[in-house]
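Student: I'd like to ask some things about the structure below.
Please treat every number below as a calculation from the coordinates, not as lab data. These numbers were taken from a predicted model, which means no experiment stands behind them. FYI the Cβ positions are ideal-geometry reconstructions off the backbone, even for glycines, and counts take in every protein chain you see.
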Amino acid sequence: MKFSEVVALLEEINKTNSSLEKTRILSHFLKKCNKEDIYWVSHLVRGKIFSDINDKQLGVANNLMIKAISLTTGVSEKKIKDYWRITGDLGDAAEKAVKQKTQHTLYAQNLTLSRIVENLNLISTLEGAGTVSKKIALINELLTNATPIEAKYVVRMILGKLRLGVGNGVLRDSISKAFNIPKEVVERAYDMMGDFGEVARISLLKGEKGLKNISLRVGTPIQSMLYIKVNSIKEAFKVVGKPAIIEYKFDGLRTQIHYDKKKNILKIFTRRLEDVTKQFPDIAEYMKKNLKCESCILDSETVGLTRDKKTFIPFQKLSRRIKRKYHIEKMVKEMPVKTFVFDCLYINGESLMDKPLEKRIKFLSKIIKPNQDLRNCPRIITSDEKKAEDFFNKALSEKQEGVMIKSLKARYQPGKRVGYGVKLKPGLESFDLVIVGAEWGQGKRNKFLSSYLLACKHPKKEEFLTIGKLSSGPTEEQYEEITRLLKPLILKTKGREVIVKPQVIVEVNYQEIQESPKYSSGFALRFPTLKQVRYEKSLNEVDDLNKVKFNYESQFRGDYERKFKKNT
Ligand code: ATP
């Protein structure tokens, strides 16, 4: 496929804010694609190049891109920076620079989508000495053959700044519309595979039947089942029914374990479907040693421990291990972990997803050899509110976050926050929000971006709505870390204020929610403070306006949480 065709699509999508219209345009385009192009187009429109389950990264920063544009066009780096400053977009700057060059020469050959993909794949594999110049050469090769408008999109794609407003919802609906497949079937397929490119390709080649045939495979992560929040044991029983399974809610990392003894597969995925097997060789080792089955897929929570393995540490600390690339063995010693398994989705070649939870957990005691590193999650099964309350208090007295209360009959629902299971924790519930703006600090903080503008999700559209500014809570280390994360995401600068691409998700505590015309959500958080950066969450897990409204209203209900707070 010529890249100019893809550019025409991106331009058209860019012109409309309506999700319905985006769906119409995209579904029409998907029908025209062949089995290779549909895979890449499906990723591209979401502003990504590789699938969610692929940990490939391009690692191309703005400065490297400026060098590449300058080399291709002969326009000085200073001039490119000037263009960039005016438009706030390096893609626009590239378009302008290539236009200048093409007044003298004509681009050599037609750029194709597959050529772009080939070069970007190569970039993602580069490591070690000479990486920078090799990356520049590969980008240069693309830009040399690009028309000005193609250059704009090549640059935006590589920098991850396409900003088309196409998220999972629009893509799901577009595939559904293009191939006449019910939305739920497309969504289930995505939940099972975590890869919209593959889902689109199967839809094209095999239609609804093909998607329905997708089943669990050891080594391919599926979306984790999620839980809604309740405010009391009574409410929990109301949602999940009696009797119910009640388990400790540990403050750790969600770990999906894939194991196949014969094929020598042991993989660990987070709930963002990131493969973290390399970062956790200790989990891999104790799993291999202590699982008594041929193959399985397990859902579990992995908790961090102090060096002496005697005390749990908060997830915030453990999260440092998730991003680690080097000195992993050192981290294993400094921050050992322990895994509590709470679900079994697959065993010895058979999927258990449609079996009730009470059956699935029976397998756990059969296949787990409990030891100091690996355990079946502590749980009780009861209909008795007093017993459930005692279990909750026991969990809290052992410094756990609270409890999960789950329906005995529940099947495993990937990617859904359905009422099959609920969570109960004390205190006003924190929010997971995305940072959309910030300010350069003053005085000793002048190197840091601070005062983070927070946003929740629009309940229907793929948009973010502001809800407050966070100026307290981060430690010096956290300011540094968040600044490092935000800097490459800066879209616009005005004085000390910056607007950033929504990507960095933070968990925020607050004292109260107030109505407020100041922010686009219509609400403001009073005294928001940073709890932690949520590296493991993706944009579609940012809390939405409905949750904000629910929590706002619960302030007036004098509910369980408040009573609990007063009593402690
Ligand atoms: P929270 O911030 O409360 O952890 P969350 O937004 O991360 O919530 P939820 O779906 O609301 O995610 O809460 C469930 C999370 O709790 C799971 O993703 C999992 O990581 C963790 N967890 C801890 N113990 C259990 C358990 N026994 N069963 C299921 N999940 C558990």
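Student: Treating only the Cβ of Lys, Arg, Asp and Glu as charged (+1, +1, -1, -1), what charge dipole size does the range 236-299 show about its Cα centre? Round to the nearest 20 debye.
Tutor: The calculated dipole for the range 236-299 is roughly 180 debye.
Student: Still on this structure, I have one more. What fraction of the DSSP beta bridges in the range 431-562 is antiparallel, stated in percent and rounded to the nearest 5? Don't skip to the answer; put the middle values down first.
Tutor: Values: 30 of 32 bridges.
The answer is about 95 percent antiparallel.
Student: Follow-up. Give the aspartates and glutamates whose C-alpha is closer than 16 Å to that of K183, dropping any in the same chain fewer than 8 places away, or say none.
Tutor: Filter leaves D173, D191, D195, E198, E208.
Student: Under a crude label model (7 Å from the Cα following the beta-carbon direction), how far is K183 from F527 in nanometres?
Tutor: 4.1
Student: Right, next: Please list, in order, the residues from the range 160-177 whose amide nitrogen is less than 15 Å from a point placed 7 Å along the Cα→Cβ vector of L539.
Tutor: 160-172
Student: Determine, at each q value in 0.17 (inverse angstroms), the log₁₀ of I(q)/I(0) that the Debye formula gives when each Cα of the range 1-154 is one equal point scatterer.
Tutor: Debye output, listed in q order: -1.08.
Student: Of all DSSP beta bridges located in the chain, what percent are antiparallel, nearest 5?
Tutor: The antiparallel proportion sits near 90 percent.
Student: Along each principal axis of its Cα atoms, how long is the range 200-294 end to end? Whole angstroms, biggest number first, please.
Tutor: 46, 41, 24
Student: Can you compute the FRET efficiency between K359 and K48 using 1/(1 + (r/R0)^6), with r the Cβ-Cβ distance and R0 = 30 Å? Round to the nearest 0.05.
Tutor: So the FRET efficiency works out to roughly 0.20.
Student: Quick one: which residues, 5+ away or cross-chain, put their amide H under 5 Å from the amide H of T382? H built at 1.01 Å from N.
Tutor: Here the answer is A244, I246, since their amide H atoms fall under 5 Å of that of T382.
Student: Whole-Hz ³J(HN,Hα) for each residue in the range 191-203, computed from phi via Karplus 6.51 cos²θ - 1.76 cosθ + 1.60 with θ = phi - 60°, x for glycine and proline: what do you get?
Tutor: Values per residue, Gly and Pro as x: 4, 7, 10, x, 8, 5, x, 5, 4, 5, 5, 5, 4 Hz.
Student: Moving on. If the cut-off is a Cα-Cα distance under 12 Å, which aspartates and glutamates reach K409, setting aside same-chain residues fewer than 8 apart in sequence?
Tutor: Here the aspartates and glutamates satisfying the reach criterion relative to K409 are D354, E358.
Student: Under a no-solvent Debye model with one identical scatterer per Cα of the chain, what's log10 I(q)/I(0) at q = 0.11 Å⁻¹?
Tutor: Once normalised to I(0) and log-transformed, intensities are -1.15.
Student: At most 16 other Cβ atoms within 10 Å and a DSSP loop assignment: could you name the GluC sites (Glu not before Pro) in the range 1-58 that fit? List each step's numbers first, then the result.
Tutor: Numbers: sites: E5, E11, E12, E21, E36; in loops: E36.
In loop regions of the range 1-58 (DSSP not H, G, I, E or B), the sparsely surrounded GluC sites (Glu not before Pro) are E36.
Student: Related question: Can you find, among V418, A438, A395, the residue sitting farthest towards the positive end of the charge dipole of the range 382-439, where Lys and Arg contribute +1 and Asp and Glu -1 at Cβ?
Tutor: V418
Student: Restricting to the range 226-424, compute how many DSSP beta bridges are antiparallel as a %, nearest 5.
Tutor: Given both bridge residues lie in the range 226-424, the antiparallel proportion sits at roughly 90 percent.
Student: Rounding to the nearest 20 debye, state how big the charge dipole of the range 48-159 is about its Cα centre with +1 on each Lys and Arg Cβ and -1 on each Asp and Glu Cβ. Write down the numbers at each step before the final one.
Tutor: On the way: 15 positive and 11 negative charges, 71 e Å.
Here the range 48-159 has a charge dipole of around 340 debye.
Student: Students often forget the sequence filter, so: which lysines lie under 17 Å Cα-Cα from K32 once same-chain residues fewer than 8 apart are removed?
Tutor: Result set, ordered by chain and number: K2, K22, K177, K206.
Student: Assigning unit charges at the beta carbon (Lys, Arg +1; Asp, Glu -1) and nothing else, what dipole magnitude in debye, to the nearest 20, does the chain show about its Cα centre?
Tutor: Using only the charged Cβ atoms, the result is roughly 540 debye.
Student: Along the range 34-39, what does the Karplus equation 6.51 cos²θ - 1.76 cosθ + 1.60 (θ = phi - 60°) give for ³J(HN,Hα), rounded to whole Hz, x for Gly and Pro?
Tutor: Coupling constants for the range 34-39: 8, 5, 7, 4, 4, 4 Hz.
Student: How do D282, D354 line up, fewest other C-beta atoms within 10 Å first?
Tutor: D354, D282
Student: Follow-up. Give me the number: length gained by fully extending A129 to N446, i.e. 0.36 nm times residue separation minus the C-alpha to C-alpha distance, one decimal in nm.
Tutor: 110.8 nm
Student: A further question follows. Would you work out which of A68, S51, I268 lies farthest towards the positive end of the dipole of the chain? Charges go on Cβ: Lys and Arg +1, Asp and Glu -1.
Tutor: Of the candidates, I268 comes out farthest on the positive side.
Student: I would also like to ask the following. Quick query: amide H of V418 versus all other amide H atoms, modeled in the peptide plane; which residues come in under 5 Å with a sequence gap of 5 or more or a different chain?
Tutor: L226
Student: Full-extension gain between Q514 and H458, please, as 0.36 nm times their residue separation minus the C-alpha to C-alpha distance.
Tutor: That works out to 18.4 nm of additional length.
Student: Now for a different question. What do you get for the angle between helix 545-554 and the principal long axis of the chain? Use alpha-carbon atoms, 0 to 90 degrees, nearest ten.
Tutor: So the helix axis and the longest Cα principal axis differ by about 40 degrees.
Student: For T255, which sequence-distant residues (separation of 5 or more, or a different chain) have an amide H within less than 5 Å of its own amide H, given hydrogens modelled in the peptide plane?
Tutor: S300, E301, T302
Student: Using 0.36 nm times the number of residues separating K261 and L205, minus their current alpha carbon distance, what extension gain do you get?
Tutor: 16.9 nm
Student: Strictly greater than 18 Å: what percent of every Cα pair in the range 414-524 meets that?
Tutor: Working: 3348 of 6105 pairs.
Summing the P(r) tail past 18 Å for the range 414-524 gives 55 percent.
Student: Separate question: For the pair N371 and N62, what calculated FRET efficiency results from E = 1/(1 + (r/R0)^6), where r is the Cβ-Cβ distance and R0 = 41 Å, to the nearest 0.05?
Tutor: It comes to 0.25.
Student: What are the trypsin sites (Lys or Arg not before Pro) within the range 7-79 that DSSP puts in a loop, where the Cβ has at most 12 other Cβ atoms within 10 Å?
Tutor: In loop regions of the range 7-79 (DSSP not H, G, I, E or B), the sparsely surrounded trypsin sites (Lys or Arg not before Pro) are K35.
Student: Hey, another quick one. I'd like the GluC sites (Glu not before Pro) in the range 279-355 restricted to DSSP loop residues with at most 16 other Cβ atoms within 10 Å, sorted by number.
Tutor: Listed in order of number, the matching sites are E294.
Student: May I pose another question? Assuming R0 = 51 Å, can you tell me the calculated FRET efficiency for the pair L491 and K310, based on Cβ-Cβ distance, to the nearest 0.05?
Tutor: 0.65
Student: Applying the Karplus parametrisation 6.51 cos²θ - 1.76 cosθ + 1.60 with θ = phi - 60° to the phi angles of the range 60-68, what ³J(HN,Hα) value in whole Hz is obtained for each residue in order, glycine and proline being reported as x?
Tutor: After applying 6.51 cos²θ - 1.76 cosθ + 1.60, I find 10, 9, 3, 5, 5, 5, 4, 4, 4 Hz.
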